[in-house]
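Please treat every number below as a calculation from the coordinates, not as lab data. Bear in mind the structure is a predicted one, so any value in this text is a computation, not a measurement. Please note: Cβ atoms are built from the backbone with ideal geometry, for glycine as well, and neighbour counts cover all protein chains shown.
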Amino acid sequence: MKQRNVKYLVFAGVALLAISLASCKNKNKKLQDKKAVSMEINQEKSDLLNGTSRAVAYSGFRSGQHPDRGNGAVNPSDAEILEDLQIISKDSLFNMIRLYDSGENSQSVLRIIKENKLNIKVMLGVWLKAELSAHETCSWLTEPIAQEVLDKNSIANQKEIDTGILLANEYPEIVIAVNVGNEALVEWNDHKVDTDSIISYVQKVQKEIKQPVTVADNYEWWAAHGQKLAKTVDFVAIHVYPVWEGKDIDEAMSYTIENVQKVRNALPDSKLVITEAGWATVASEFGERASEEKQEKYYHDLLKWSKEMNITTFFFEAFDEDWKGETANPLGAEKHWGLFTVDRKPKKVMEDFYK
């Protein structure tokens, strides 16, 4: 009987020890998870692009103008581009802009900045066309992209990359970073490119220029799939759009911070730049969630937070672009993200600056 009691006590002790160890392990895991969730977003001032947190996305196409959609582009004139740049940089409101490609219009922007000695720096874009057919995941691709087209796109992409390299080296005092590919990795877009291909493109550009190189894409893609690419780029460029995800202005900043936190947790060692974030003022897709008053609030709240966090943020965008989206829907969201109308009139958010 005594021997049985000793065995029981030994067994009970071992069981208690196992439970205790398991409990400690679970507590440690919870602490680690909590630590991950609360990982610091705030960056150092040295992480800012060109030392500033405030920047804007710029595309200068006015009514009747558009980039090349297969039959050639209708580009803004030099005088129109100069007017835009003077509006953007008035009283140093924005001294840094984002361009989306290295085409003729972007080349004109760089030349005009230099010729007029404007105090504007540029994050230059390298636009990548589809090298993969995302017809199964992109809602507006109704049929596969022909392989012949994809092959031509790949050749065009190489030419665009080479042009971007030339421009970055021709304007080293103006171009402060180069972005290779815009939303070319997400499943839902129509110009998809393989991740490994983009990595090779980034590496090619890095070898040829002195400026930092990145890739711009949706925050969810970076958080879920960006580990490999993040090790290649010089900083991670993310897009956040609460209004596209059904949020109204009362949730806008908390959701934006949640988006950025998601990327920070996934990529703790990467420098972050928000290369697109904005609020549409008119949108049949958003109803009452779109308004000039809500854009004004989001603009001020976002840029205040970005400054506190030392995160360079390119607000999307400088001017409305009525060439975008469906021609039959003038109220479509794609046309109405500007801080100014397509006629260069200040919206509510800019009225105090442009009285």
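Please list, by residue number, every one of the trypsin sites (Lys or Arg not before Pro) in the range 226-266 that is coil in DSSP and has at most 11 other beta-carbon atoms within 10 Å.
On the way: sites: K228, K231, K247, K262, R264; in loops: K231, K247.
In loop regions of the range 226-266 (DSSP not H, G, I, E or B), the sparsely surrounded trypsin sites (Lys or Arg not before Pro) are K231.
Once every DSSP H run of n ≥ 4 in the chain is given -39500 (n - 2.57) and the sum is divided by its residues, what mean residue ellipticity at 222 nm do you get, rounded to the nearest 500 deg cm²/dmol?
Values: 9 runs with 144 residues, N = 355.
Using -39500 (n - 2.57) per qualifying helix, the result is -13500 deg cm²/dmol.
Quick one: grab the alpha carbon gyration tensor of the range 42-350, order the square roots of its eigenvalues as a ≥ b ≥ c, and give me rounded if a/c is under 1.5, else prolate or oblate depending on whether a/b is larger than b/c. Intermediate values should be presented prior to the final figure.
Working: a/c = 1.11, a/b = 1.09, b/c = 1.02.
Rounded is the answer for the range 42-350, as its axis ratio a/c remains below 1.5.
Over all pairs of distinct alpha carbons, what does the Kirkwood formula give as the hydrodynamic radius of the range 136-233, in Å? Could the numbers behind the result be given before it?
Details: mean 1/r = 0.0687 Å⁻¹.
After inverting the mean inverse Cα-Cα distance, the result is 14.6 Å.
What does the charge count around K228 come to, taking other residues whose C-beta lies under 14 Å from its C-beta (Lys +1, Arg +1, Asp -1, Glu -1)?
Numbers: positive: K231; negative: D194, D196, D217, D269.
Around K228, the surrounding residues sum to -3.
Among K114/K297; K297/K347; K294/K335; K204/K304, which pairs are too far apart, with a Cα-Cα distance over 24 Å?
On the way: K114/K297 34 Å; K297/K347 12 Å; K294/K335 17 Å; K204/K304 36 Å.
Pairs exceeding 24 Å: K114/K297; K204/K304.
Which part of the range 194-217 falls in the paramagnetic zone of S46, meaning amide N under 19 Å from the point 7 Å along Cα-to-beta-carbon?
Output list for this probe position: 211-213.
Exactly which GluC sites (Glu not before Pro) in the range 166-247 are in a DSSP loop and have at most 15 other Cβ atoms within 10 Å? Each step should come with its number before you reach the end.
Details: sites: E170, E173, E183, E187, E208, E220, E245; in loops: E173, E183, E187.
Answer in residue order: E173, E187.
Once you put a point 7 Å from the Cα of S284 and another 7 Å from the Cα of N265, both along the Cβ direction, what distance in nm separates them?
About 3.8 nm, to one decimal.
So what is Rg over Rh here for the range 43-106, counting just Cα atoms and using Kirkwood for Rh?
Details: Rg = 14.4 Å, Rh = 13.5 Å.
Result for the range 43-106 is an Rg/Rh of 1.07.
What's the percent breakdown of Cα-Cα distances in the range 282-355 across 10 Å bins, shortest bin first?
The distribution over the range 282-355 is 19, 47, 29, 5, 0, given as percents.
Considering only DSSP states other than H, G, I, E and B, which trypsin sites (Lys or Arg not before Pro) in the range 109-186 qualify as loop sites with at most 16 other Cβ atoms within 10 Å?
Numbers: sites: R111, K114, K117, K121, K129, K152, K159; in loops: K117, K129.
Answer by residue number: K117.
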